[in-house]
Each structure stands twice: as structure tokens, then as C-alpha cells.
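Each remark here refers to the structure printed beneath this line.
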Amino acid sequence: MNQTIEKPVAFHVMAKPTGARCNLHCDYCFFLRKTELYPCSDFYMSDETMEAYIKQTIEAQNTPEITIAWQGGEPTLMGLEFFERAVEVEKKYAPRDVRILNTIQTNGVLLNNEWCEFLHKNNFLVGLSLDGPKHLHDKFRHDKQGNSVFDKVICALRLMQKYKVEFNILCTVNSENSKYPLEVYRFFRDELSAHYFQFIPIVELDENKNITDRTVNAKQYGKFLIKIFDEWVAQDVGKTFVQFFDGVLAAYLRGFSSLCVLRPICGEGVALEHNGDVYSCDHFVDPDYLLGNIHQESIGELVSSEQQKKFGAEKNELPKQCKDCEFNFACHGECPKNRIITLPNENKKLNHLCEGLKLFFAHTKKHMEKLTQLLKSGRPAADIMRPKKKIGRNDLCPCGSGLKYKKCHGKR
């Protein structure tokens, strides 16, 4: 192996121990098709590959906290014993002054008391896939026979709460639930008592390169985020946390976002397949983006390779209207996978979500600037919320919508 290559200080590996194998068959899942890359595989990560992943990830980073991330497919199909062994491997290689954080993204179907006891004991952060109340979750998410799994997911959530497992909700924003932003948000916040949310837009093309009917409309996506932001900034700052809002605020506060999709370059987050193959990104698990295999080259070398640096730098190759946009500092063209709109006289494509993102950035600008001022002055972000007082039905709603309270948040 080449030991002279300059390695990154920190990076993120999204390990897929079951590859694309899953116990569900969600309509919009882009990853199920990746089984075609490994036609003769059993999609089961060996202990040898698991140990190489953990050892190399720890050795290649010089940070006080290192994340070991598990995704899929559905990683719980590996069985609890696999993760028990993985935790022991982490203890074997982790320096005393380094904290190992495990994260796992799951549909929740297999979680039970034994799983949740393990997750709590070993401080796993769990991402639970849930698209809203039952009628919205069931629209595109179901098992291989088309049956609802909603009740199983809610049972998993309640078990995690019982065992005090730290978790966040990953909600895809699609053509259906994007119409009901407050219903989705309030269901998570009020009925489920959840506090951490990721809203991931669905943008997909069919085999003819046409937008599917599951894809969220750009303008609707912007409106979805705005409705939730208005409620959040009026009453939930410091109590609930929305990853996208935090990512945008970071750009105002520090000059760069904490989210890879909003940063000027990417490439610090790779995908690790079940057999040790490393790809440039979870959304680019494709032969053209195969970096190598950890049994031949280390993860640190693959992340630092010229091929990966080129991939990361290409994110900043934007059409002129992006470069001229006042919100480019907070957006940087969003994720390259969503750049599908051909522009006249341009060889760079525009992001499908552009119209909605601009709506959101424009609507939230003053609030983001105020939040930035508060944080830079040492005050809590929650100070942006107005002092609680009795609001008349004909008073303006404190969320800043411009509507009377009875026509806005007073409709509850």
C-alpha cells in the first residue's frame, strides 16, 4: 500500500453490511436496484470485512470522535450478533482518548426489546425511516407483498423511547406528503414526541430519464420547508431540531454548511459495500464511481485518491445562474444527483429543487440572520421566539406569516 499519500483529517463512511438487500420494497428506493452490481452475492458482510472497515476508519482519522455508520438496504438483517461483534472490534482498535459513535439507519421492522437494549447500552444513534402519519407513510413504503408496516415502525419507535435509545426520524419528502407539511411535522412532534428530524427530498428519474410521479415538485418542496420553518421558529427553537435548518444556519454562522449537499465540494462521505468495495457516494454506487476495495487499499487512501478529489471538486461546477445567485453561499447547487434540468447555452445542469430552495432561502433570510446574531452574541437561538403572551384571534400570528392568528396557527 502507498503510505505517503496525504490522508484527510476526518471523513464519513456509510457501510452497507447487507448491500442493497432489504425486507421492504419501498416504491422510491433507488438502492434496491444495486443488487444487479453483485449478481452472485449473498449480500452478507463477512467479519473480515467488518473488522477491516472499523480498523481502517479508526486508524485513518485524527479526531476525538469517530463515527462508525451502518446503513443499507436494511442493516438489521445482519442480525444482532453481527453488531455485538462489531462493538467488540471497535473496543479492540479505538485509542483511549477517542470516542466511537455508532449510527444505524433502519426501517425499524425488526427492532425488538433485545435490539433496543443493545442500542441503548452501546450508545447507538438510530435513524428511523418514517414518512408521516399512516396514510402518508403507506403511500410509498410497504413490504414486498405491498402490506403496510406502519404499525411495526411505530412499535419500534415506542420501544426506543422505552429503552431511551437516541434516535432521529428520517422522512422522505415526496409528491404526496409534501402537500401536508404541518400534519407531518405535528405528527412527529406532538403524537410521537420526537425531537430530531431529517427531511430528504425524493428526486428520481425513470428508465427513460423522465421525472417520476413520486418526485417532489420543486415549488412544493420549498413550501413544505417554509411551513415547517414558520412553526419551528415561532415556538420550537431549542426543542426540536431539523437537520436542514441547522445546515443552512451553519452557512450563515460559519460560512460553510454542516451538510454535504450544501457545501461547495463533497467527497468526504463514501459508501462501503458489503464486500469491501468503496464508492464515491451513496448516491453514486455505480461502476464509474468505484474507488477500490479495502482489502487492497485502505479507506484513508481511497478517500484521499485523485479520483475522489476530482469527484468532490466537480460539485462546484455550476451553471452561471447558480454562481450569480445571492444564496449560493448556503446552497452551492445542492446535491449533484438532483441536477437534471438542461439549460440553454449551458453545459452544466440546474438542480431540480432550485425554485423551491430559493423560495425557502428568501423566506427565511431575516430569521437566519437574526439567529446568527443571537448565537454570535452568546445568546441562545431560542431567544428568537417572542415571549409567550395571550394572542387574540385577530392578532397577527407570531410565526411571521402575515396572517391573523385564527387563520394560521390558531386553527389547531
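Picking from residues in the range 284-304 that are among the acidic types (Asp, Glu) and not in a helix (DSSP H, G or I), the one that is farthest from Arg339 (Cα to Cα) is Glu297. In this structure, Asn122 qualifies as modelled with pLDDT of 95 or more, within 23 Å of His195 (Cβ to Cβ) and surrounded by fewer than 17 Cβ atoms within 10 Å (Cβ to Cβ). Remark: Gln321 falls outside the filter, which requires a residue to be free of Cβ contacts under 8 Å to residues at least 40 places away in the same chain and closer than 15 Å to Leu253 by Cβ. When you check Ala10 against the structure, is it assigned to a loop (DSSP other than H, G, I, E, B), open to solvent by 10 Å² or more (accessible area, probe 1.4 Å), within 18 Å of Leu291 (Cβ to Cβ) and out of contact with any Lys or Arg (no Cβ under 7 Å at 6 or more places or on another chain), yes or no? Yes; evaluated as a whole, the condition is true for this residue. If you go through the range 343-362 and keep only what is within 21 Å of Gln220 (Cα to Cα), open to solvent by 70 Å² or more (accessible area, probe 1.4 Å) and out of contact with any Lys or Arg (no Cβ under 6 Å at 6 or more places or on another chain), you end up with just Lys358. The condition of being in a loop (DSSP other than H, G, I, E, B) and either in contact with an Asp or Glu (Cβ under 7 Å, 6 or more places away or on another chain) or modelled with pLDDT under 95 (or both) holds for only one of Cys22, Cys26, that being Cys22. The residues of the range 366-382 that are open to solvent by 70 Å² or more (accessible area, probe 1.4 Å) and assigned to a helix (DSSP H, G or I), listed by number, are Lys366, Glu369, Lys370, Gln373, Lys376. Right, Phe187: closer than 20 Å to Leu262 by Cβ, at pLDDT 95 or above and crowded, with 18+ Cβ neighbours inside 10 Å or not? Considered against the rule, which asks whether it is closer than 20 Å to Leu262 by Cβ, at pLDDT 95 or above and crowded, with 18+ Cβ neighbours inside 10 Å, Phe187 comes out as no. Got a sec? Which of Glu334, Glu326 is at pLDDT 95 or above, among the charged types (D, E, K, R), surrounded by 14 or more Cβ atoms within 10 Å (Cβ to Cβ) and within 17 Å of Val248 (Cα to Cα)? Residue meeting the stated conditions: Glu334.
Only one entry in Asp213, Asp246, Asp230 is modelled with pLDDT of 95 or more, part of a helix (DSSP H, G or I), over 18 Å from the mean Cα position of the chain (by Cα) and not hydrophobic (A, V, I, L, M, F, W, C), namely Asp230. Is it fair to say Gly72 is under 19 Å from His283 (Cβ atoms), in a loop (DSSP other than H, G, I, E, B) and at pLDDT below 95? Here the answer is yes, as Gly72 does meet what is asked. Only one entry in Glu334, Glu346 is on the phi > 0 side of the Ramachandran plot, touching a helix residue (DSSP H, G or I) at 6+ places or on another chain (Cβ under 8 Å) and not in a helix (DSSP H, G or I), namely Glu334. Answer yes if at least one residue in the range 131-152 is among the polar types (S, T, N, Q), at pLDDT 95 or above and either in a strand (DSSP E or B) or open to solvent by less than 20 Å² (accessible area, probe 1.4 Å) (or both), and no otherwise. Checked against the condition, which is being among the polar types (S, T, N, Q), at pLDDT 95 or above and either in a strand (DSSP E or B) or open to solvent by less than 20 Å² (accessible area, probe 1.4 Å) (or both), the range 131-152 yields no hits at all. Among the residues of the range 305-323, those identified as outside any helix (DSSP H, G or I) and buried (at least 20 other Cβ atoms within 10 Å of the Cβ) are Leu318, Pro319. Scanning the range 153-184 for residues that are surrounded by 16 or more Cβ atoms within 10 Å (Cβ to Cβ), assigned to a loop (DSSP other than H, G, I, E, B) and not aromatic (Phe, Trp, Tyr) yields Val165, Asn174, Ser175, Glu176. Just to be sure before I move on: is Ile200 within 20 Å of the chain's Cα centre (by Cα), free of Cβ contacts under 8 Å to residues at least 60 places away in the same chain and surrounded by fewer than 19 Cβ atoms within 10 Å (Cβ to Cβ) in the structure I sent? Against the criterion (within 20 Å of the chain's Cα centre (by Cα), free of Cβ contacts under 8 Å to residues at least 60 places away in the same chain and surrounded by fewer than 19 Cβ atoms within 10 Å (Cβ to Cβ)), Ile200 qualifies.
The values are calculated or read from the model by the stated rules, or taken from the named source; none is laboratory data. Please read all numbers here as calculations on a predicted model, not as lab measurements. No Cβ is skipped: glycine too gets one built from the backbone with ideal geometry, and neighbour counts run over all protein chains shown. Each accessible area value is taken on the protein alone, full model and side chains, heavy atoms only, with ligands, DNA and RNA left out. Shrake-Rupley method; radii C 1.70, N 1.55, O 1.52, S 1.80 Å.
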